[in-house]
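Okay, structure first, notes after.
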Amino acid sequence: MKEYMFQFPEVSLSEEHVIATYYLESGTSDPIKYALALADEQTTGTWVEVPGETDLVKKEFGGKVLNVFEVPDYEFELPKGTELRRYILQIGFPSHNFGPEIPMMFSAVIGNLVSTGNIKLLDLTFPKSLVEGYKGPKFGIEGLRKLMNIPERPFLNNMIKPCTGWLPDDGAKMSYEVAKGGVDVIKDDELIKANPPWCPLEERVKKIMAAIKRAKEETGEDTLYTVNITDKINKLKDNALRAIEAGANALMINTYTIGLAASHMICEDPDINVPILAHLDFAGATFASPEHGISSPLLVGKLARMIGADMAIIATPYGKFPVLHNKYRQQVNYCRQAFWHIKPMLPLCSGGATALIAPQTIEELGYDIALAAGGAIHGHPMGSEAGAKSMRQAIDATMKGIPLEEYAKDHVELAEAIKKWGRGTLFDLQK
């Protein structure tokens, strides 16, 4: 056992290692040996010694075991019958092994490990030098506020519904209605193709942007339309440039189906100077297991922000795909907390949201968020424009410190939303 295969986290960061933190469930009786094997496997080693893996190579390119914690932290003996043990492992990877390249970094920090059993990547801690290789969001929260002249309040996002199957004229009609009702960001649903024959990219963008312009003439408010450009990788940039040429003022990418590296390519492209939204779909396949995969705050928060997304869909505890409250808070923190030069990314709280969650969400997260509602806007009893108004009214009421029921007495759209969605919901439980 070589001492240079161990290191303190402080030393590892100063020597420009990426620190990977893992949760491990295993029946091993020697977790230190297990951790050494993982560090070796993911850097210079293999299952058998080879001549080229010299001490010099291992010192410069090999992984380092930084910490091995057992949970609970047994010191003297194990409870009788203990078979499965739980550990937190930290391994340092020399950042020069992969540099600011997402695919090679993933190959190192999680690549073959997911085939070894119950192990989950909880977080990655980066040296400043490596993060400097990422540009991060071009706009971020502050840039979006300046772009749209929204100095303080939460943003409102809406998805065009139904998810797919609509024609450009249908999308234009819905976009006009919700923009007139106060929506700030209209997005394609993740299920509509970039360029389907029934809803061609350029025609869709031109008609929706014309509808948004017409709404602005009546309201004075700007609206972004994030058109979905997800496609084969070799078509991504062409789709983006065609959409922008047709008038699109924002883009959306299904980040976890197309891949972080492909999304990174679009976000950092100097020819693409509009805000970009990272969609959440498929990410759950990676983070859903408590013992396996990659944690959600790292995946949809820190990494999406590093690659340059200005906005990102996240799930909440209050919708149709409820996540644990601590995970939701951590996702938002990873979107916004200080991270050297990387600008904060706007979290879009989505997945079955209604006007009724506005007070709770804003109280917990503040104003640097977007409430993202699809069905609650288009499914409003009075129509899509009223649905958008009900969401804005809920935001306004919360900012003024007025209970929704009280505010609804003078705002019929909000009153109808409460009537439709209030019973048996979070709102009903809080009264």
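The values are calculated or read from the model by the stated rules, or taken from the named source; none is laboratory data. The structure presented is a predicted model; accordingly, all values stated were derived computationally and were not measured. Glycine also receives a Cβ, built like all others from the backbone with ideal geometry; neighbour counts cover every protein chain displayed. Surface areas here come from the heavy atoms of the whole protein model, side chains and all, with no ligands, DNA or RNA. Shrake-Rupley method; radii C 1.70, N 1.55, O 1.52, S 1.80 Å.
Note on region 53-94: residues that are surrounded by 17 or more Cβ atoms within 10 Å (Cβ to Cβ), under 30 Å from the mean Cα position of the chain (by Cα) and closer than 19 Å to VAL18 by Cα total 12.
Counting only residues that are touching a strand residue (DSSP E or B) at 6+ places or on another chain (Cβ under 7 Å) and not in a loop (DSSP other than H, G, I, E, B), region 266-292 holds 7 of them. Only one entry of GLY52, GLY62 meets the criterion of being among the small types (Gly, Ala, Ser), under 16 Å from ASN97 (Cβ atoms) and touching a helix residue (DSSP H, G or I) at 6+ places or on another chain (Cβ under 9 Å), and that entry is GLY62. Collect the residues in region 317-349 that are of a type in the set (S, T, N, Q) and open to solvent by 60 Å² or more (accessible area, probe 1.4 Å), keeping them in residue-number order. Hits for region 317-349 are ASN326, GLN330, ASN333, GLN337. From the set of residues in region 161-175 that are among the hydrophobic types (A, V, I, L, M, F, W, C) and either in a helix (DSSP H, G or I) or touching a residue at least 40 places away in the same chain (Cβ under 8 Å) (or both), which is nearest to GLY383 (Cα to Cα)? Among them, the one singled out is MET174. Scanning region 366-391 for residues that are open to solvent by less than 30 Å² (accessible area, probe 1.4 Å), of a type outside the set (A, V, I, L, M) and in contact with a helix residue (DSSP H, G or I) (Cβ under 8 Å, 6 or more places away or on another chain) turns up HIS380, GLY383, SER384, GLY387, SER390. Among the residues examined, THR286 does not qualify as under 16 Å from ASN157 (Cβ atoms), in contact with a helix residue (DSSP H, G or I) (Cβ under 8 Å, 6 or more places away or on another chain) and of a type in the set (Ser, Thr, Tyr). Can you tell me which residues in region 392-424 are closer than 18 Å to TYR318 by Cα, open to solvent by less than 40 Å² (accessible area, probe 1.4 Å) and either among the aliphatic types (A, V, I, L, M) or at pLDDT below 95 (or both)? Passing the criteria: ALA394, ILE395, LEU404, ALA417, ILE418, GLY422. Taking the criterion of being more than 29 Å from LEU66 (Cα to Cα) and surrounded by fewer than 16 Cβ atoms within 10 Å (Cβ to Cβ), no residue of region 125-140 qualifies. Go through region 227-265 and give me each residue that's crowded, with 23+ Cβ neighbours inside 10 Å, among the β-branched types (Val, Ile, Thr) and not in a loop (DSSP other than H, G, I, E, B). Within region 227-265, VAL227, ILE253, THR255 qualify. Mind checking whether some residue in region 339-357 is aromatic (Phe, Trp, Tyr) and in a helix (DSSP H, G or I)? Looking for residues that are aromatic (Phe, Trp, Tyr) and in a helix (DSSP H, G or I), one finds none in region 339-357, hence no.
Specify which of the listed residues (VAL183, VAL178) is part of a helix (DSSP H, G or I), in contact (Cβ under 8 Å) with a residue 40 or more places away in the chain, touching a helix residue (DSSP H, G or I) at 6+ places or on another chain (Cβ under 7 Å) and open to solvent by less than 10 Å² (accessible area, probe 1.4 Å).
Details: VAL183 fails: part of a helix (DSSP H, G or I).
Step by step, each of VAL183, VAL178 is checked, and only VAL178 is part of a helix (DSSP H, G or I), in contact (Cβ under 8 Å) with a residue 40 or more places away in the chain, touching a helix residue (DSSP H, G or I) at 6+ places or on another chain (Cβ under 7 Å) and open to solvent by less than 10 Å² (accessible area, probe 1.4 Å).
Determine, yes or no, whether VAL300 is modelled with pLDDT of 95 or more and crowded, with 24+ Cβ neighbours inside 10 Å. It would help to see each step written out before you state the result.
On the way: modelled with pLDDT of 95 or more: yes; crowded, with 24+ Cβ neighbours inside 10 Å: yes.
Yes; evaluated as a whole, the condition is true for this residue.
The listed residues are ILE314, ILE307, ILE294, and the only one of them that is free of Cβ contacts under 8 Å to residues at least 40 places away in the same chain and crowded, with 19+ Cβ neighbours inside 10 Å turns out to be ILE314. Take the residues in region 350-365 that are farther than 16 Å from ILE313 by Cβ and touching a residue at least 40 places away in the same chain (Cβ under 8 Å), then tell me which one is surrounded by the fewest Cβ atoms within 10 Å (Cβ to Cβ). Among those that are farther than 16 Å from ILE313 by Cβ and touching a residue at least 40 places away in the same chain (Cβ under 8 Å), it is GLN360. Given (1) under 30 Å from LEU414 (Cβ atoms); (2) open to solvent by 10 Å² or more (accessible area, probe 1.4 Å), where does LEU167 come up short, assuming only one miss? LEU167 satisfies every listed condition except (1). Scoring GLY143 on the criteria (1) at pLDDT 95 or above; (2) crowded, with 17+ Cβ neighbours inside 10 Å leaves a single failure, condition (2).
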